[in-house]
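First comes the structure, then the notes that go with it.
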Amino acid sequence: MTNRNQNLPLYRVLFSRITGQDAQGRDELARPKEIGAVWPRKGDKTGGILQLDIIPIELTQRQGVIFLVPLNGQDQGGSQ
């Protein structure tokens, strides 16, 4: 019997592009979109493997932010 949690990612990877700035000069962000996941490495190795399903053009231009959101016990890894 395998443990179901071993088939789930460690983190969901979300990207939010910068849409402008507020009155204080801070970046305003668009709604985050899930673009991939971080999967555990096999065996006893530490860390994870980043897998991106989508690479936003704003990411290559440094015009956005990446968020790593840990999965909780009830989350099945789907989009919000």
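The values are calculated or read from the model by the stated rules, or taken from the named source; none is laboratory data. If you're wondering where the values come from, they're calculated on a predicted model, not measured in any experiment. When we count neighbours, we look across all protein chains shown, and the Cβ atoms used for this are built from the backbone with ideal geometry, even at glycine.
Structure above, values below:
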item	result
Tabulated pairs, region 34-46, first free of Cβ contacts under 8 Å to residues at least 60 places away in the same chain and assigned to a loop (DSSP other than H, G, I, E, B), second of a type in the set (V, I, T) and loosely packed, with under 15 Cβ neighbours inside 10 Å, C-beta under 8 angstrom, 6+ apart or interchain	R41/I49
Pair list, Cβ < 6 Å and 6+ apart or interchain, from region 61-75 residues that are charged (D, E, K, R) and modelled with pLDDT under 90 to residues that are assigned to a loop (DSSP other than H, G, I, E, B) and surrounded by 10 or more Cβ atoms within 10 Å (Cβ to Cβ)	none
Filter result (assigned to a strand (DSSP E or B) and more than 23 Å from L8 (Cα to Cα)) within region 47-71	G64, V65
